[in-house]
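Structure, as structure tokens:
What follows draws every value from the coordinates through simple rules; no lab data is involved. The structure displayed is predicted, hence computed values, not measured ones. With ideal geometry, Cβ positions are generated from the backbone for all residues, glycine too; neighbour counts draw on all protein chains shown.
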Amino acid sequence: MAIPIARASISYSHGFLQSFPLTSSNPKRSRSLSCAPSDLNPVRPEVSFCVGTHLIPHPKKVDRGGEDAFFVSSCNGGVIAVADGVSGWAVQNVDPALFSRELMANASCFVGDEEVNYDPQILLRKAHAATSSIGSATVIVAMLERNGTLKIANVGDCGLRVIRLGQIIFATSPQEHYFDCPYQLSSEVVGQTYLDAMVCTVELMEGDTIVMGSDGLFDNVFDHEIVSTMARYSDVCEAAKALANLASNHSMDSKFDSPYSLEARTRGFDVPPWKKFLGMKLIGGKLDDITCNCWSGCELMKYLDLSG
Ligand SMILES: [Mn+2]
């Protein structure tokens, strides 16, 4: 099942539960559910995940749904991806949403492709090659294998956090040419390719939670806020909505010292000297499309395997 979600005109949530041991396409596993304990081979774990998603477009782009796009798939152990259309294309009369949406739609088509072979970097290569729209996008793809291995490919400044026991144990790092100019897959030859992706692997454990988002999330919400928000919700749909709303509120708060404004000052950007003299500094959230996808559960479901 692949769900290309590329035309969000309003905020919404989507969630599903995967329980692979119960799939009817595998008679061995289904049959095993009714076996007597004496028939059992060693128990093998598999992952079960709930996914919640929430997208809030930039306030000035609500009517067109913003320029972020994402998809969720239950292929293998589950796949989630986010693409963020680079808004600079608007000055050339190009709708920045077209590229990110087509990229995600193509990725959702190729997700089970034999050549992709559950490799997120190859998925990016194929999806990018198939995309004919003009534009560019930052993009992140995370593919979960059924044994709990999470494979990530990231181009640009979308991001992913893995939370374990109330702490972030893994975070992607943004890739950029310079401040506010991230790596991006592009229709133009000057852009980056799948070869530029940051690729990494995380071995997940039972109870781990994953938060993936566009830069609109991570520019407006600190990691400690992500951790504390996730701790308050057991429902990932609610968690995704809460995180996106928090990011949205911060993005519109001119007095909030956001991760974005903090980073800007660190890079030497600030208010004019006369304002500095008055004790003022560059602060505030950053208005942007905000996409937040949360995975939780990572329940290592034990099924009874008769395959030996
Ligand atoms: Mn963005």
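General remarks:
- Packing-based exposure ordering (other Cβ within 10 Å, fewest first) of T291, T149, T131, T172: T149, T172, T131, T291
- Placing one equal scatterer on every Cα of the stretch 170-289 and applying the Debye formula, the log10 ratio I(q)/I(0) at q = 0.11, 0.18, 0.20 Å⁻¹ is -0.50, -1.08, -1.19.
- Ranked list, fewest to most other Cβ atoms within 10 Å of each Cβ, for C50, C200: C200, C50
- Ranking of S133, S254, S108 by neighbouring Cβ atoms within 10 Å, starting from the fewest: S254, S133, S108.
- Tally of Lys pairs whose C-alpha atoms are under 16 Å apart, taken over the stretch 161-308, 8 or more apart or cross-chain: 4
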